[in-house]
Amino acid sequence: MVQPRDNQLKMLHDEGSMSQYVRDTLDPVFLSTHISSNNYFYRMLICQQYSQTCCPDYLTKPVFGKLQEIARNTQDTTFNIHTATIVDTLQKMKPGELSKAVIMDHMDWCTPDEADAEIDALKTALKQGGFVLWRSAARIPWYVANFKASGFKVEAISVRQPNTQTALDRVNMYASFYKATKP
């Protein structure tokens, strides 16, 4: 039986080798960004701290102040914190309540049944024309077919090509970025 943790590894091996993935991930980053001044992701990893000039926007004084204002305003619904699984949270929403969902890369680790349950819950929670964004370690994740089978229109926003020196973003940890739109 395939374990969920094996799905991501299988995707990597289906598209090449682990060493190729690491080269395709790191080489473009270190060739195209300066870690100490414009890549706070790797600066934090290597130096174990941000600087005032190399940090996420939400930690800069003006943005952090704005976030504090939002957090103090109990009438503002910009952020909703949920402490449940994604499926449980989606199932508690009214049909069509969401316009966008960003699910990052966790589906790489899901079993097919888990992915199908989440895709069904997303389809219900999203309004018509709403969309899901995700990233994957694979260039073509296996669950793209599951989204399509559920009626979503799926498009690859960006896909990293093997042996390229071009990073998709400053981290370049993911090989692809996808969007699935509910018709």
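For region 119-135, a residue qualifies if it is over 15 Å from the mean Cα position of the chain (by Cα), open to solvent by less than 10 Å² (accessible area, probe 1.4 Å) and not aliphatic (A, V, I, L, M), and exactly one does: G130. Just checking, does region 65-81 include any residue being part of a helix (DSSP H, G or I) and touching a residue at least 24 places away in the same chain (Cβ under 8 Å)? No; the residues of region 65-81 include none that is part of a helix (DSSP H, G or I) and touching a residue at least 24 places away in the same chain (Cβ under 8 Å).
Yes/no per residue for (1) open to solvent by less than 80 Å² (accessible area, probe 1.4 Å); (2) touching a helix residue (DSSP H, G or I) at 6+ places or on another chain (Cβ under 6 Å); (3) of a type outside the set (K, R); (4) under 18 Å from V159 (Cα atoms):
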| residue | (1), (2), (3), (4) |
| --- | --- |
| D14 | no, no, yes, yes |
| P28 | yes, no, yes, yes |
| L31 | no, no, yes, no |
| I35 | yes, yes, yes, no |
| L45 | no, no, yes, no |
| S51 | yes, no, yes, no |
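When A138 is tested against (1) in contact with an Asp or Glu (Cβ under 8 Å, 6 or more places away or on another chain); (2) assigned to a helix (DSSP H, G or I); (3) open to solvent by less than 40 Å² (accessible area, probe 1.4 Å), just one condition goes unmet, and that condition is (2).
Within region 1-22, how many residues are within 21 Å of L168 (Cα to Cα) and either touching a residue at least 40 places away in the same chain (Cβ under 8 Å) or among the polar types (S, T, N, Q) (or both)?
Initial filter on region 1-22 (within 21 Å of L168 (Cα to Cα)): 8-9, 11-22.
Now drop any that are not either touching a residue at least 40 places away in the same chain (Cβ under 8 Å) or among the polar types (S, T, N, Q) (or both), which leaves 8, 11-12, 14-17, 19-21.
Residues in region 1-22 being within 21 Å of L168 (Cα to Cα) and either touching a residue at least 40 places away in the same chain (Cβ under 8 Å) or among the polar types (S, T, N, Q) (or both): 10 in total.
So for region 141-154 (the condition being over 17 Å from the mean Cα position of the chain (by Cα), assigned to a loop (DSSP other than H, G, I, E, B) and under 22 Å from V22 (Cβ atoms)), does at least one residue qualify? No; the residues of region 141-154 include none that is over 17 Å from the mean Cα position of the chain (by Cα), assigned to a loop (DSSP other than H, G, I, E, B) and under 22 Å from V22 (Cβ atoms).
Within region 54-69, can one find any residue that is touching a Phe, Trp or Tyr at 6+ places or on another chain (Cβ under 7 Å), within 19 Å of Y143 (Cβ to Cβ) and surrounded by 14 or more Cβ atoms within 10 Å (Cβ to Cβ)? Show your work before the answer.
Going residue by residue through region 54-69, those that are touching a Phe, Trp or Tyr at 6+ places or on another chain (Cβ under 7 Å) are 54-56, 58-59, 64, 67.
Checking which are within 19 Å of Y143 (Cβ to Cβ) leaves us with none.
Checked against the condition, which is being touching a Phe, Trp or Tyr at 6+ places or on another chain (Cβ under 7 Å), within 19 Å of Y143 (Cβ to Cβ) and surrounded by 14 or more Cβ atoms within 10 Å (Cβ to Cβ), region 54-69 yields no hits at all.
D113 meets all of the listed conditions (1) modelled with pLDDT of 90 or more; (2) assigned to a loop (DSSP other than H, G, I, E, B) but one, namely (2).
I'd like to check something: does region 66-77 contain any residue that is acidic (D, E) and at pLDDT 90 or above? Within region 66-77, none of the residues are acidic (D, E) and at pLDDT 90 or above.
Got a number for residues in region 82-101 being in a helix (DSSP H, G or I) and open to solvent by 100 Å² or more (accessible area, probe 1.4 Å)?
In the first step, residues of region 82-101 are kept if they are in a helix (DSSP H, G or I); the result is 86-91.
Retained after the next criterion (residues that are open to solvent by 100 Å² or more (accessible area, probe 1.4 Å)): 91.
Residues that pass the stated criteria total 1.
When V171, V144, V154, V159 are checked against the criterion of being β-branched (V, I, T) and over 30 Å from L31 (Cβ atoms), a single residue qualifies: V154.
The values are calculated or read from the model by the stated rules, or taken from the named source; none is laboratory data. No experiment lies behind these values; they were computed from the predicted model shown. For neighbour counting, all protein chains shown are included, and Cβ atoms are generated from backbone atoms with ideal geometry for every residue, glycine included. Areas reflect the complete protein model, heavy atoms only, side chains present, ligands, DNA and RNA absent. Shrake-Rupley method; radii C 1.70, N 1.55, O 1.52, S 1.80 Å.
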